[in-house]
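Enquirer: To start, I am sharing the structure in question, which I have written as structure tokens.
Just so it is clear, none of the values below were taken in a lab; they were calculated from the coordinates. If you're wondering where the values come from, they're calculated on a predicted model, not measured in any experiment. Here the Cβ positions follow ideal geometry from the backbone for every residue, glycine too, while neighbour counts run over all protein chains shown.
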Amino acid sequence: MAYNLLKGKRGIISGALNSSSIAWKVAEKAHEEGATFVLTNAPIAMRMGELNALAEKTGAEIIPADATSVDDITNLFTKSQEILGGKIDFVLHSIGMSVNVRKNIPYTEANYDYFQKGMDVSALSFHKMLSVAKKLDAINEWGSVVALTYAAAQRTYSFYNDMADIKAALESIARSFGYHYGVEKKVRVNTVSQSPTKTTAGSGIKGFGDFFDFADAMSPLGNATAEQCADYCITLFSDLTRMVTMQNLYHDGGYSSTGVTSTILEKFGIDS
Ligand code: NAI
């Protein structure tokens, strides 16, 4: 059911790789809610070709941009305003990649070139997007910028590798930039901390399948799906959350506030 929450709003949505991507669901929902937007992804992701189907379905244009390149991001914000006919109201940063994770390198033996690459792609890219947008004055007052993150930024998950430190940086950028952008332009910046979700990035993490089930059993409401995450992002892009900024917002079925559930205790044969 749609509520026209984004009627007349213009956006930029990064990170839709295939129909499992969280960003893909956000694009579908934003379209249902009346927004117009540009889709963007790394040029290499474009070659996989699936994004065209989403663009067609949502009436969106695609602008390739490597999120580590300030030039690409400048082009993205400049062209998006031309295509959409004005300043931007919402931006989704849905970009994550760690070479150390991909190559299965243990956290304690991190390759630092890979670490820096992961930091650049997954965290500094957020700063770059915000900085370019602010310099170009490309976002309307009360506009909303959201990045996706994971709870390993607060607590240690043995398998999450350098992405834990990278997500901590991402969340800090939301707070720090959110302050300056809020004071100067009334632009809001938040991160959404999502449950484990079966996507290409999520499934790249070793042991993820088992952990997905654990998190599900540890959440009073169960794991939040990509589609539900998209619903939440839409509320943050809407005018109904105008005073929410500089927050890390958990979207995890209650997982982050739960010590243990009876489902988990039962698995250990403990009567609860
Ligand atoms: P996904 O694999 O569908 O999306 C990741 C996207 O990042 C892809 O579209 C990829 O092309 C893009 N990307 C990688 N390098 C890039 C670059 N240099 N420039 C531009 N784009 C680039 O996976 P998912 O899960 O939808 O990931 C989206 C976000 O959600 C990520 O930040 C991820 O860490 C976060 N997240 C995912 C969770 C999960 O369990 N899947 C849980 C919590 C947060």
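Enquirer: One quarter of the convex hull surface, Cα atoms only: what value does that give for segment 130-242 in nm²?
Expert: Convex hull of Cα atoms, orientation-averaged projection: 7.9 nm².
Enquirer: For THR225 and LYS267, FRET efficiency with R0 = 30 Å and r from the beta-carbon atoms, rounded to 0.05?
Expert: 0.85
Enquirer: Additional query: Relative contact order for segment 103-234: what percent, with Cα pairs under 8 Å and sequence separation of 6 or more?
Expert: Over segment 103-234, the number comes to 25 percent.
Enquirer: For the chain, would you read off the P(r) tail past 28 Å as a percentage of all alpha carbon pairs?
Expert: Everything past 28 Å amounts to 32 percent.
Enquirer: Just grab the label-to-label distance for LYS206 and LEU240, each label 7 Å out from Cα along the Cβ direction, in nm (one decimal).
Expert: Distance between label points: 4.3 nm.
Enquirer: Ok, one more. So, in nm, how far is label GLU184 from label ASP213 when the simple model puts each one 7 Å beyond its Cα toward the Cβ?
Expert: With each label placed 7 Å out from Cα toward Cβ, I get 5.0 nm.
Enquirer: Among the listed pairs LYS79/LYS167; LYS57/LYS87; LYS57/LYS103; LYS7/LYS79, which have their C-alpha atoms separated by more than 31 angstrom in this model?
Expert: From the list (LYS79/LYS167; LYS57/LYS87; LYS57/LYS103; LYS7/LYS79), the Cα-Cα distance tops 31 Å for LYS57/LYS103.
Enquirer: Take the Cα atoms of segment 206-272, find their three principal axes, and give me the spread along each one in whole Å, biggest first.
Expert: Here the Cα extents, ordered largest to smallest, are 48, 25, 17 Å.
Enquirer: I need the trypsin sites (Lys or Arg not before Pro) found in segment 56-149, filtered to DSSP loop residues with at most 10 other beta carbons within 10 Å of theirs.
Expert: In loop regions of segment 56-149 (DSSP not H, G, I, E or B), the sparsely surrounded trypsin sites (Lys or Arg not before Pro) are LYS103.
Enquirer: Return the calculated 222 nm mean residue ellipticity for the chain, to the nearest 500 deg cm²/dmol, obtained by summing -39500 (n - 2.57) across DSSP H runs with n ≥ 4 and dividing by the residue count.
Expert: So the helix-based figure for the chain works out to -12500 deg cm²/dmol.
Enquirer: Regarding segment 183-233, what are the three Cα extents along the principal axes, ordered largest first, in Å?
Expert: 45, 25, 17
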